[in-house]
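**Q** So that we are looking at the same thing, I have put the structure below in structure tokens.
Computed from the coordinates by the stated procedures, all read-outs in this text should not be read as laboratory data. Remember, it's a predicted structure, so these values are computed and weren't measured experimentally. Reconstructed Cβ throughout: ideal geometry from the backbone, glycine too, with neighbour counts over all protein chains shown.
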Amino acid sequence: MATAMVIGMGGVGSVIGLKLHGYDCFERILLADIDPAFAEKLRERIKDSRFEVHQVDALQTQKLIDLLKDSKVTVTLNACTWQTNHSVLEACAQAGSHYIDMAADIYSLPGVKRPGKNSFEAEIERFNHAFLEKGLAGILRMGADPGAVNVFARWAMDRLDTATSIRVLDADNGEVKGYRFAVLFSPETLFEELGAVPYYVNNGKVTAGKPLETEVDWVRFPDPIGLMKTYAVAHEEGVSLGT
């Protein structure tokens with residue numbers, strides 16, 4: 001039987017860990033984080049738990065390699081922020097673990113250098129050969145968006161006679177009781193996306209917009225979301241779906 005590891009035990013990582021526990025194919029499920037408090041709570045919640053909790057810093061690559069090898073991890077799901085992707089990819093490549101992450105760094109035009117650039121193109125360029133050589137799967141940007149929406153779009157395009165555009169519409173009016181402002185994923189990532197240049201494909205070319213000013217529209221979403229103002233934001237699928 002296989003062993004899975006979820007690294008990054010915030011809200012999203014905790015949900016993923018709980019879902020994985022429902023699959024009998026995993027003999028053990030490692031819950032790893034630099035702060036294992038949420039992982040411990042999840043393990044305590046589950047009767048007959050197959051969870052193992054480990055404290056590890058995702059940016060300390062060698063320690064991560066040691067953990068993956070010692071625990072014989074079959075597949076690793078990286079639920080940390082994008083800054084850890086290269087470290088976890090390197091650890092998986094050296095330890096022989098399949099890899100899944102949910103997002104990458106914000107897109108940059110070819111030739112544009114930024115400190116810590118970690119886009120999905122950079123991940124493919126750096127790690128594709130190593131993963132192919134060892135027969136490992138590396139599935140990038142497999143969250144909700146990017147990820148699920150890319151699969152939905154591919155499924156639809158394969159069944160339509162023609163299509164002139166693909167639009168990914170995402171809105172949220174969720175509330176967290178007791179908080180005037182709360183987000184459902186990393187707050188740092190949210191503010192980074194809102195302030196970054198949105199890139200998207202228009203007429204076959206990658207086009208740059210202005211933060212909170214491009215593609216502004218009012219869209220009526222299904223209840224309970226309702227009417228919401230939308231605008232282009234910096235997300236990988238804006239480019240990956242059109243290239």
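**Q** Could you work out the Rg to Rh ratio of segment 164-240, with Rh taken as the Kirkwood radius (inverse of the mean 1/r over all Cα pairs)?
**A** Details: Rg = 13.9 Å, Rh = 14.0 Å.
Value, to two decimals: 0.99.
**Q** Among Val176, Val12, Val149, which one shows the highest mean-square fluctuation when the chain is modelled as a Gaussian network with alpha-carbon springs under 10 Å?
**A** Maximum among the listed residues: Val176.
**Q** In addition: Anyone know which of Gly135, Gly226, Gly17 comes out most mobile in the 10 Å Cα GNM of the chain?
**A** Maximum among the listed residues: Gly226.
**Q** Over the Cα atoms of segment 204-243, what Rg and Dmax result, in angstrom?
**A** Here Rg and the maximum Cα pair distance are 12.4, 36 Å.
**Q** Under 5 Å between amide hydrogens, which residues at least 5 positions from Leu30 or on another chain qualify, with H placed 1.01 Å from N in the peptide plane?
**A** Long-range HN contacts for Leu30: Ala4, Met5, Val6, Glu52.
**Q** Also, quick follow-up: Using the C-alpha atoms of segment 2-139, what convex hull volume per residue, in cubic angstrom, is computed? Don't jump to the answer; show the numbers that get you there.
**A** Values: hull volume 13.9 nm³, N = 138.
With only Cα atoms used, segment 2-139 gives 101 Å³ per residue.
**Q** Sticking with the crude label model, points 7 Å out along Cα→Cβ, report the distance from Leu190 to Tyr23 in nm, one decimal please.
**A** Using points 7 Å along Cα→Cβ, the separation is 2.9 nm.
**Q** To the nearest Å, what is the center-to-center distance of segment 72-91 and segment 216-233, using C-alpha atoms only?
**A** 34 Å
**Q** Here is a follow-up. Quick check on my link table: of Lys19/Lys229; Lys41/Lys69; Lys19/Lys47, which ones sit more than 21 Å apart, alpha carbon to alpha carbon?
**A** From Lys19/Lys229; Lys41/Lys69; Lys19/Lys47, over 21 Å: Lys19/Lys229; Lys41/Lys69.
**Q** For segment 117-178, what value does the Rg/Rh ratio take when both radii are computed over Cα atoms and Rh is the Kirkwood radius, given to two decimals?
**A** A ratio of 1.12.
**Q** Stretched out fully, how many nm does the piece from Arg126 to Val151 gain, at 0.36 nm a residue minus the Cα gap?
**A** Separation in residues times 0.36 nm, less the Cα-Cα distance, equals 6.6 nm.
**Q** Also: Give the longest segment of the chain that steers clear of GluC sites (Glu not before Pro) in DSSP loops with at most 15 neighbouring Cβ atoms within 10 Å, not counting the sites themselves.
**A** Values: sites that count: Glu175, Glu213, Glu215.
Looking at the chain, 1-174 is the longest stretch - no exposed GluC sites (Glu not before Pro) with at most 15 other Cβ atoms within 10 Å.
**Q** Follow-up question, since we're still on this one. Rg to Rh ratio, the chain, alpha-carbon atoms and Kirkwood radius? Each step should come with its number before you reach the end.
**A** Numbers: Rg = 19.2 Å, Rh = 19.6 Å.
The Rg/Rh ratio comes out at 0.98.
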